[in-house]
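Engineer: Below are the structure tokens for one structure; questions will follow.
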Amino acid sequence: APRVFSGIQPSGGLTLGNYLGALKRFSQMQEKGTHKCIFCMVDMHAITVWQDPAALTRSTREVAAFFIASGIDPERSILFNQSQVPEHAQLAWIFNCVARMGWMGRMTQWKDKAGKNAEQASLGLFAYPALMAADILLYHATHVPVGEDQKQHLELTRDIATKFNHDYGVDFFPITEPVIEGTATRVMSLRDGTKKMSKSDPSDMARINLADDADTIAQKFRKARTDPDPLPDDYESLSARPEAKNLVDIYAALSEQPTDKVMAEVAGMQFGTFKPRLAELAVEVLSPMSAEMRRLMQNPDEIDAILARGADRARAIATPILRRTYDIVGMVGRQ
Ligand code: ATP
Ligand code: MG
């Protein structure tokens, strides 16, 4: 049966990129009703770079609240945090022994996040893609909805599954399909059209946070970097104007219109006119969600109970798959 898995790191407040590239599409998959959906706050991934403990706790609950506020039903889907299901770490160890150092060293996220000072990066940051493969394969997930930036990690997940199956002569782990769809699979930074929008970007002005209020959203779009020319009438000519293209893509995704329809609407427009429209649209879409998130955050115990129950349901799927993996590897266990 088709099964969806996807995760979000509680490494800070969620951004518009996380919403358009991931969260929004999760509830669409849930609503299709054809896939069993498993969604995870990947707190163990988050600590591959330093996280203040109190902030990690808060972000985990806040991300969970955003999942629910964006339409994830914790009864129909499974919603939990990674560290409550120890099988993720256990399968990750097996995959650490399957994956090769060279594969990890080629990952662009590793290169971006470790930067020039790789010697000082955590071992966990280097091994991140093996844990991610474990997250997915622990549930034999067949489809993984993610933003474009995760494409390379998903290819590595396929490589790990293929090598495991080959080395042990089994047909056990599925070859997972990435699901990267829509007009906003890579939302860019508002300060630099060549860098992706990230919740961990040091500049808050580079991103729209889902929790930002209306004035902040308007101010961030107003100050977003752009070139001086008005908007063209065809989408193709935006390819040499990354900042302008990013704002148009965001507009198209938020208004759920194809880009040529948006171009017909904005052709010839100055950014001084376009940016306030974009801000208004963003506020219209995001503010009901952030209000609901804040309401849910008033009852952290309720969120924790939802995550605990989700973890129990996740474990019920994960435990037999891990046991079977150990058997394949030849690890003795109790019968
Ligand atoms: P961090 O900077 O801590 O890595 P992040 O913003 O990249 O945070 P993640 O938790 O790493 O967020 O990713 C969660 C999901 O959001 C993934 O599916 C990822 O592909 C997607 N995503 C992240 N940033 C963007 C973006 N700018 N545009 C579209 N999708 C994105
Ligand atoms: Mg990321």
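Engineer: Using the C-alpha gyration tensor of region 226-334, what are the square roots of 5 times its eigenvalues, in whole angstrom, with the largest one first?
Structural biologist: Here the semi-axes work out to 48, 23, 10 Å.
Engineer: Mind checking which lysines have their C-alpha under 19 Å from K163, skipping anything on the same chain fewer than 8 residues away?
Structural biologist: Qualifying lysines at Cα under 19 Å: K151.
Engineer: Note the angle between two axes, namely the Cα long axis of helix 300-329 and the longest principal axis of the Cα atoms of the chain, as a number of degrees from 0 to 90, rounded to the nearest 10.
Structural biologist: 50
Engineer: Among W93, W103, W50, W110, rank each residue by its count of other Cβ atoms within 10 Å, from fewest to most, as a rough exposure measure.
Structural biologist: By the 10 Å Cβ count, ascending: W50, W93, W103, W110.
Engineer: Just the Cα atoms of the chain, one point each, no solvent: what log10 I(q)/I(0) does Debye give at q = 0.06, 0.12, 0.16 Å⁻¹?
Structural biologist: The calculated log intensity ratios at q = 0.06, 0.12, 0.16 Å⁻¹ are -0.22, -0.87, -1.41.
Engineer: Which ordering of H143, H153, H166 is given by a fewest-first count of other beta-carbon atoms within 10 Å?
Structural biologist: Ranked by crowding around the Cβ, least crowded first: H166, H143, H153.
Engineer: Hey, got the dipole for the chain? About the Cα centre, +1 on K and R Cβ, -1 on D and E Cβ, debye to the nearest 20?
Structural biologist: 680
Engineer: Between their Cα atoms, which of K111/K195; K111/K245; K36/K113; K32/K196; K199/K261; K111/K220 are more than 22 Å away from each other?
Structural biologist: Listed pairs above 22 Å: K111/K245; K36/K113; K32/K196; K199/K261; K111/K220.
Engineer: What do you get for chymotrypsin sites (Phe, Trp or Tyr not before Pro) in region 126-176 restricted to DSSP loop and a cutoff of at most 16 other Cβ within 10 Å of the site's Cβ?
Structural biologist: F172
Engineer: Continuing with the same structure: What are the residues whose amide H is under 5 Å from the amide H of K195, where those residues sit 5 or more places off or on another chain and H is modelled from the backbone?
Structural biologist: The answer is S189.
Engineer: Collect residues whose amide H, placed 1.01 Å from N in the peptide plane, falls under 5 Å from the amide H of R3; neighbours closer than 5 in sequence don't count.
Structural biologist: The list, which skips near neighbours in sequence, is T142, H143.
Engineer: Further, regarding this structure: Please state, to two decimals, what the Cα-based radius of gyration of region 207-275 comes to when divided by 2.2 N^0.38 Å (N = residues).
Structural biologist: So region 207-275 has a normalised radius of gyration of 1.09.
Engineer: Report ³J(HN,Hα) in whole Hz for each residue of region 111-127, in order, from the Karplus equation J = 6.51 cos²θ - 1.76 cosθ + 1.60 where θ = phi - 60°; Gly and Pro get x.
Structural biologist: Per residue, the Karplus-derived 3J(HN,Hα) values read 5, 5, 7, 6, x, 6, 9, 4, 4, 9, 6, 6, 4, x, 5, 5, 7 Hz.
Engineer: Among M269, V285, L238, pick out the residue whose Cα is farthest towards the positive end of the charge dipole of region 212-295, where Lys and Arg carry +1 and Asp and Glu carry -1 on C-beta, about the Cα centre.
Structural biologist: Of the options given, the answer is V285.
Engineer: In degrees from 0 to 90, rounded to the nearest 10, what is the angle of the helix 53-69 Cα long axis to the longest principal axis of the chain?
Structural biologist: 70
Engineer: Related question: At 0.36 nm per residue, minus the direct Cα-Cα distance, what do S203 and A264 gain on full extension? Give it in nm, one decimal, please.
Structural biologist: Fully extending the segment from S203 to A264 adds 18.7 nm.
Engineer: Show the residues, 5+ positions off or on another chain, whose built amide H is closer than 5 Å to the amide H of V179.
Structural biologist: Correct list: V144, V146.
Engineer: Could you state the angle between the C-alpha long axis of helix 214-223 and the longest principal axis of the C-alpha atoms of the chain, as a value from 0 to 90 degrees rounded to the nearest 10?
Structural biologist: Approximately 70 degrees, to the nearest 10.
No value in this document is a laboratory result; all are computed from the given coordinates. Keep in mind that what you see is a predicted model, and the values were worked out from it rather than measured. Please note: Cβ atoms are built from the backbone with ideal geometry, for glycine as well, and neighbour counts cover all protein chains shown.
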